[in-house]
Amino acid sequence: MASPALIDPFGRHVSYLRVSVTDRCDFRCTYCMAEDMTFLPKKDLLTLEEMDRLCSEFIGQGVKKIRLTGGEPLVRKGIMTLVESLSRHLRSGALEELTLTTNGSQLARHAHDLARFGVKRINVSLDTLDPDKFRKITRWGDFNRVMEGIRAAQQAGMAVKLNAVALKGFNEDEIPEMIRWAHGQGMDLTLIETMPMGDIDGDRTDQYLPISVLRARLMEQFTLADIPYKTGGPARYVEVKETGGRLGFITPLTHNFCESCNRVRLTCTGTLYMCLGQDDAADLRAPLRASESNELLRAAILEAIGRKPLGHDFVIDRRHNKPAVARHMSLTGG
Ligand code: SAM
Ligand code: SF4
């Protein structure tokens, strides 16, 4: 018998679940959040056991890759118990990859256990190598702690990929140095365009730097060779000949990648978003809690996948000066 698979109305196989385990964070990156945020009431959160049940049902339906994210996933209390319990699916072979996107602030104390529970690679977000600028962009972050976290992750044997959001007037001149540094430390680096999600204390048009512009500038000093490398995500990779390292580009605005979208996103309250750039969502908490068996939940998941839209409608320019979706990236975790 063929193994179960979640297929959406456009024939795309949904094999990747991103799980935001908390919408809270110990940073306040200026492009992600306002400084004064209202978070979800704690009473609305799924317990970690409920998250495990939900993830396990998705795995039963053919999901092969799970990424924990947030908010900051490592600030969720007890998060390692979820990582440990999900690791049984890695051992059984039902799940191919369990991974994490983190700001790195708590990584030093969790790196060893993450590796022990089967996490082989992680993404760390880092937008600058300058500690003062780091404090400015994250508002609350401590650069040295993140560096310690990255070192601890590498020492624990995990591959680290850095994600940097390309920000006009902030890190655009620093990107070549970041490429050399990341590649020198054995890390891939991916550059991301800012996406118009949620109100922030400022104007996104001022921050938006099209990756196409950045890429053209990088080509003045680097030789970028297209390579077929894929990690199951939307990044397109090049090899930087001068460093021998990989550089990824995530370009939701200048190059839409929806046609190959393989993912859905679960929030910490059990809401499933079928597209990062659309408001439509399905509540999985009610069917999860309505019964101890998973039949209602399974039906709700299938119904939701049947509504997965074709793609997003992100635009950033002076005429479209409102977020495309009202929720912040921290609710779904990117
Ligand atoms: N807190 C973790 C972190 O920062 O890695 C995980 C969650 S964070 C929301 C996931 C990724 O989304 C980070 O790499 C962050 O830089 C990126 N991000 C946040 N807001 C964004 C926005 N409006 N546009 C593009 N990327 C954004
Ligand atoms: Fe927190 Fe990540 Fe958003 Fe920064 S990007 S505020 S670290 S959730």
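Couple of notes before you dig in:
- All positions within segment 12-32 that are touching a strand residue (DSSP E or B) at 6+ places or on another chain (Cβ under 7 Å) and either open to solvent by 20 Å² or more (accessible area, probe 1.4 Å) or closer than 13 Å to Gly70 by Cβ (or both): His13, Ser15, Arg18, Val19, Ser20, Val21, Tyr31
- Taking first residues from segment 82-95 that are over 13 Å from Leu68 (Cα atoms) and partners that are in a helix (DSSP H, G or I) and at pLDDT below 95, no Cβ contact under 6 Å between residues at least 6 apart in sequence or on separate chains turns up.
- Test: residue in segment 133-143 that is touching a residue at least 40 places away in the same chain (Cβ under 8 Å), open to solvent by 20 Å² or more (accessible area, probe 1.4 Å), farther than 30 Å from Leu90 by Cβ and part of a loop (DSSP other than H, G, I, E, B): yes
- Residues in segment 168-203 that are within 17 Å of Cys32 (Cβ to Cβ), among the charged types (D, E, K, R) and either under 20 Å from the mean Cα position of the chain (by Cα) or within 15 Å of ligand 2 (Cβ to nearest atom) (or both): Glu193, Asp199, Asp201.
- So Asn144, is it in contact with a strand residue (DSSP E or B) (Cβ under 7 Å, 6 or more places away or on another chain) and of a type outside the set (A, V, I, L, M): no
- Subset tally (residues that are open to solvent by 20 Å² or more (accessible area, probe 1.4 Å), in a strand (DSSP E or B) and not charged (D, E, K, R)) for segment 187-208: 2
- Checked against the criterion of being crowded, with 16+ Cβ neighbours inside 10 Å, within 15 Å of ligand 1 (Cβ to nearest atom) and assigned to a strand (DSSP E or B), the candidates Leu100, Leu114 yield just one match: Leu100.
- Top-ranked residue of segment 290-316 - restricted to ones that are in a loop (DSSP other than H, G, I, E, B) and in contact with a Ser or Thr (Cβ under 9 Å, 6 or more places away or on another chain), ranked as farthest from Glu259 (Cα to Cα): Asn294
- Qualifying position, being farther than 18 Å from Ala166 by Cβ and either β-branched (Val, Ile, Thr) or in contact (Cβ under 8 Å) with a residue 60 or more places away in the chain (or both), among Gly202, Gly198, Gly248: Gly198
- Some residue of segment 285-295 being touching a strand residue (DSSP E or B) at 6+ places or on another chain (Cβ under 8 Å) and within 16 Å of ligand 1 (Cβ to nearest atom): no
Condition check ((1) within 23 Å of Ile305 (Cα to Cα); (2) of a type outside the set (D, E, K, R); (3) surrounded by fewer than 19 Cβ atoms within 10 Å (Cβ to Cβ)) across all residues:
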residue	(1), (2), (3)
Phe10	yes, yes, yes
Ala34	no, yes, yes
Thr38	no, yes, yes
Cys55	yes, yes, no
Phe58	yes, yes, no
Gly70	yes, yes, no
Ile79	no, yes, no
Val83	no, yes, no
Arg88	no, no, yes
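- Residues (of a type outside the set (A, V, I, L, M, F, W, C), more than 17 Å from the chain's Cα centre (by Cα) and open to solvent by less than 20 Å² (accessible area, probe 1.4 Å)) located in segment 238-255: Gly245
- Residue identified as surrounded by fewer than 20 Cβ atoms within 10 Å (Cβ to Cβ) and more than 27 Å from Val213 (Cβ to Cβ) among Gly149, Gly169, Gly157, Gly184: Gly157
- Some residue of segment 54-71 being touching a residue at least 24 places away in the same chain (Cβ under 8 Å), away from ligand 1 (no atom under 12 Å from the Cβ) and acidic (Asp, Glu): yes
- Of the criteria (1) in a loop (DSSP other than H, G, I, E, B); (2) modelled with pLDDT of 95 or more; (3) touching a strand residue (DSSP E or B) at 6+ places or on another chain (Cβ under 9 Å); (4) not β-branched (Val, Ile, Thr), which one Gly149 fails: (1)
The values are calculated or read from the model by the stated rules, or taken from the named source; none is laboratory data. All figures in this text were calculated on a predicted structure; none of them were measured in a lab. Ideal geometry is used to build each Cβ from the backbone, glycine not excepted, and the neighbour counts take in all protein chains shown. Side chains are part of the model used for accessible areas, which takes the heavy atoms of the whole protein and leaves out ligands, DNA and RNA. Shrake-Rupley method; radii C 1.70, N 1.55, O 1.52, S 1.80 Å.
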